[in-house]
Amino acid sequence: MAEKFQDHQIRDRIKIEYRYTMGGQSKFFIEVMKNKKLFGTKCTKCGKTWMPPRINCSDCYEPAEWVELNQAGTIQVSTIVWYTTSAFIKAIPYGIGFIKLDGAETALFQGIFSENLVPSKIKKGKRVKAVFNKEREGKMTDFFFVPEDEYENWISQPEFEGGV
Ligand SMILES: [Zn+2]
């Protein structure tokens, strides 16, 4: 008679340290981290300005060159986040949305924070401005957008600052 299989399990943890590269988009993250600037790219052939930056134009496949963009823009679409990962759980509820920076023809997906978050504050067409963390690591989480009328309040907090 076959003995009934008994599974023996041990709980353990794997810790992995690794690096990854931002490749051709590295300049975007370096400028955010070191200079609080937002760089997109402009196609050398058709002139389309991409944000997030693309190394080659996705319309005509020609190379694009770096251009500094305004740090203010307009919300194209947004929603309010109620469920998220552990990294952002303390920020709930917060907005996310596609923001078209002035001078760009495409929109950047980024967090939108507000002192008093209600849907009307982050609806389509609302103006927002970038706020940077004082401590930056060269990641997308180094900055976020706030409604333009809240900008001065956000950058007066000790952990945040305005762009250049
Ligand atoms: Zn192009």
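Hey, what number do you get for the chain at 222 nm if only DSSP H runs of n ≥ 4 count, each worth -39500 (n - 2.57), divided across all residues, to the nearest 500?
Values: 2 runs with 15 residues, N = 164.
My calculation for the chain gives -2500 deg cm²/dmol from helical runs alone.
Counting other C-beta atoms within 10 Å, and keeping those with at most 14, which DSSP coil GluC sites (Glu not before Pro) do you find in segment 66-149?
E115, E135, E137
Report ³J(HN,Hα) in whole Hz for each residue of segment 44-53, in order, from the Karplus equation J = 6.51 cos²θ - 1.76 cosθ + 1.60 where θ = phi - 60°; Gly and Pro get x.
6, 9, 8, x, 5, 9, 9, 8, x, x
Measure off, as a whole percent, the carbon and sulfur share of the 1.4 Å-probe accessible area of segment 10-59, all protein chains present.
Carbon-and-sulfur percentage of accessible area, whole number: 49.
Note down the nm distance, to one decimal, between modelled labels 7 Å out along Cα→Cβ at E62 and at K45.
Simple spin-label model gives 0.7 nm for this pair.
Can you pull out the chymotrypsin sites (Phe, Trp or Tyr not before Pro) in segment 54-125 that DSSP calls coil and that have at most 15 other Cβ atoms within 10 Å?
Numbers: sites: Y61, W66, W82, Y83, F88, Y94, F98, F109, F113; in loops: Y61, W82, Y83, F88, F113.
Qualifying residues, ordered by number: Y61, W82, Y83, F88.
Expressed in nm to one decimal, what extension gain is obtained for the pair E3 and F88 from 0.36 nm per residue of sequence separation less their Cα-Cα distance? Walk me through the intermediate numbers first.
Values: separation 85, 0.36 × 85 = 30.60 nm, distance 4.83 nm.
Extra length from E3 to F88 when fully extended: 25.8 nm.
Over the chain, give the accessible area per residue in Å² for a 1.4 Å probe, as an integer. Let's see the in-between values first.
Details: 10980 Å² over 164 residues.
That works out to 67 Å² per residue.
In nm, what is the difference between 0.36 nm times the number of residues separating I10 and E135 and their Cα-Cα distance?
Values: separation 125, 0.36 × 125 = 45.00 nm, distance 3.89 nm.
Contour length minus the Cα-Cα distance gives 41.1 nm.
In segment 62-160, carbon and sulfur make up what percent of the accessible area (probe 1.4 Å)?
Working: 2890 of 5490 Å².
On segment 62-160, the fraction of accessible area on carbon and sulfur atoms equals 53 percent.
Can you list residues whose amide H is under 5 Å from C57's amide H, if they're 5+ apart or on another chain and H is modeled 1.01 Å from N?
Placed amide hydrogens put E62, A64 under 5 Å from C57.
The values are calculated or read from the model by the stated rules, or taken from the named source; none is laboratory data. What you see is a predicted model; the values in this text were computed from it and never measured. Reconstructed Cβ throughout: ideal geometry from the backbone, glycine too, with neighbour counts over all protein chains shown. Accessible surface areas use protein heavy atoms only, side chains included; no ligands, DNA or RNA. Shrake-Rupley method; radii C 1.70, N 1.55, O 1.52, S 1.80 Å.
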